[in-house]
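Report on one structure; see the data block that follows.
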Amino acid sequence: MRVMSVTADEPPDRGGRIFIARQPIFRRNGRVFGYELLFRSGLDNFFDVGQDGEQATSRVITNTFSLIGISKITQGRKAFINFTGDMLVKEYPALFPPRITVAEVLESVEATPEVINACRNLVAKGYVLALDDFVFTEEFLPLVELAHIIKFDVQAMTVDELSRNLRQVAPYNVKLLAEKVETIEEFDVLKGMGFSFFQGYFFSRPKIVQGRDIPGSKLQYLKIIRVLQDENYSFKKIAEFIARDVSLSYKLLRYVNSAAMRRRMEVTSLQSAVALIGELTLRKWLSLMMLSYMADDKPQELLRLTLLRARFCEQIGETMGKGRDFTLTCYTVGMFSLLDVLLDQPMENVLRQLSLTHDIVATLIGEETTQYAGILNLVKAYERGDWQEVIRLAGCIQNVYDHLPLFYENALDDVRSFYVAA
């Protein structure tokens, strides 16, 4: 993953603001192995070569992981972090905990004796070493011998080039990571080629199966979601529906007694839980539970991304001061933006099952530029770590740019809280 630079057209970083996003890295079984951390302008900007090591350490701790927390971002999984040759030699990876840190050696790094020695020291200290965007040459053999993981940009190589590179690293004890995997079909092919880890957006794109209807149970979940979108829906009927579902009842009680509610209270009945959670929160919680039922055959990361988008969109909408209904619609747009992936159906087919407003439908199928489209596109750009696009889109929404890191952190908190309570 290449480190992006910031142009002179970008707004200055007032107050040491830190922009961090994450991109999941999957195992063969679809579970998340770790996250690549995508920084606002690359780690280089966090280190002043004029500072001594103690000052540099202090700045990193103060401005990044003391404020957000690396464990919060990765939820205890591996954190893939890019390092230049100079940063490796200066031992910057040692600022991060070895238990969860994967030091990625950027493709631009030269395999000098100093870099090789720095990597050898990192491995000796327990760090996992990865070679980024790898193309085999003899000069990189010392790094190949030290590496645990080698990343290949599968979009930048032909199948023959990729196969040749795989044969050249086969004698070494390394795991293979395929980067920029775009489709499920590519994922399946790469698994057959021996890759252990996969990074890209294949998990968040639908695998369309033509001529197949939405299964009955999932159609029922969609109907419940449709009822929840009706401003005049019966709160009492929804509570009765939960009461008839043992799994939902149990999960609701766990949710009410979890950190997600900001306070722990003794709840003795389902009725009291429903009253405590309130109509608005119940609607959002139940919609998410229906999506989780629909995602039972999908990577859990997909549901995490759904919730992350919903909360991120909601917070951006709230800053725009257009009222409660607008904010709720922003949440709905984010939550429903992956329905096609959850159901392996074209978005247009899925939306026919729901009575949604014209603006929501137009936003989700991408046909029109709506007042919600800019918000959703901004959130997607932030997810990708496409900071140039983030800056462009944020410039169209007054006073939102400065708040984006906090919104992302809040959304991560909500994702974590949901999974603790679920």
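Summary table below
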read-out	value
Among (1) surrounded by 13 or more Cβ atoms within 10 Å (Cβ to Cβ); (2) part of a loop (DSSP other than H, G, I, E, B), the one test that Phe187 misses	(2)
Pair list, Cβ under 6 Å, 6 or more apart: region 386-407 residue touching a residue at least 12 places away in the same chain (Cβ under 8 Å), other residue acidic (Asp, Glu) and surrounded by 14 or more Cβ atoms within 10 Å (Cβ to Cβ)	Ile391/Glu10
Some residue of region 114-130 being part of a strand (DSSP E or B) and of a type in the set (Phe, Trp, Tyr)	no
Residue match in region 108-120 (condition: β-branched (Val, Ile, Thr), under 17 Å from Val89 (Cβ atoms) and touching a strand residue (DSSP E or B) at 6+ places or on another chain (Cβ under 9 Å))	yes
From the options Met294, Met320, residue that is more than 20 Å from the chain's Cα centre (by Cα), farther than 16 Å from Ser417 by Cβ and touching a residue at least 24 places away in the same chain (Cβ under 8 Å)	Met320
Qualifying residue in region 317-327 (condition: in contact with a Cys (Cβ under 7 Å, 6 or more places away or on another chain) and either more than 26 Å from Leu219 (Cβ to Cβ) or buried (at least 21 other Cβ atoms within 10 Å of the Cβ) (or both))	yes
Residues satisfying the stated conditions in region 349-370, i.e. in contact with a helix residue (DSSP H, G or I) (Cβ under 7 Å, 6 or more places away or on another chain) and at pLDDT 90 or above	Ile360, Val361, Thr363, Leu364, Ile365, Thr370
Test: residue in region 134-143 that is charged (D, E, K, R), surrounded by 15 or more Cβ atoms within 10 Å (Cβ to Cβ) and under 19 Å from Thr84 (Cα atoms)	no
Unmet criterion (only one of (1) outside any helix (DSSP H, G or I); (2) more than 26 Å from Ile224 (Cα to Cα)) for Glu383	(1)
Test result for Glu139, assigned to a helix (DSSP H, G or I), more than 18 Å from Phe197 (Cβ to Cβ) and modelled with pLDDT under 95	yes
Lone qualifier among Asp86, Asp13 - being modelled with pLDDT under 80 and of a type in the set (Asp, Glu)	Asp13
Of all residues making up region 333-356, the number that are outside any loop (DSSP other than H, G, I, E, B), acidic (Asp, Glu) and surrounded by fewer than 19 Cβ atoms within 10 Å (Cβ to Cβ)	1
So Val246, is it modelled with pLDDT under 90, exposed (fewer than 15 other Cβ atoms within 10 Å of the Cβ) and in the same structural domain as Leu338 (by TED's automatic domain parsing)	yes
Unique match (being in a helix (DSSP H, G or I) and surrounded by fewer than 23 Cβ atoms within 10 Å (Cβ to Cβ)) among Asp296, Asp359	Asp359
Among (1) assigned to a loop (DSSP other than H, G, I, E, B); (2) modelled with pLDDT under 90 - the single one Ala111 does not satisfy	(2)
Matching residues, region 394-403, being over 16 Å from Ala21 (Cα atoms) and out of contact with any Ser or Thr (no Cβ under 6 Å at 6 or more places or on another chain)	Gly395, Cys396, Ile397, Gln398, Asn399
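The values are calculated or read from the model by the stated rules, or taken from the named source; none is laboratory data. Since we're looking at a predicted model, the values are computed, not measured. As a convention, Cβ positions derive from the backbone with ideal geometry for all residues, glycine included, and neighbour counts pool all protein chains shown.
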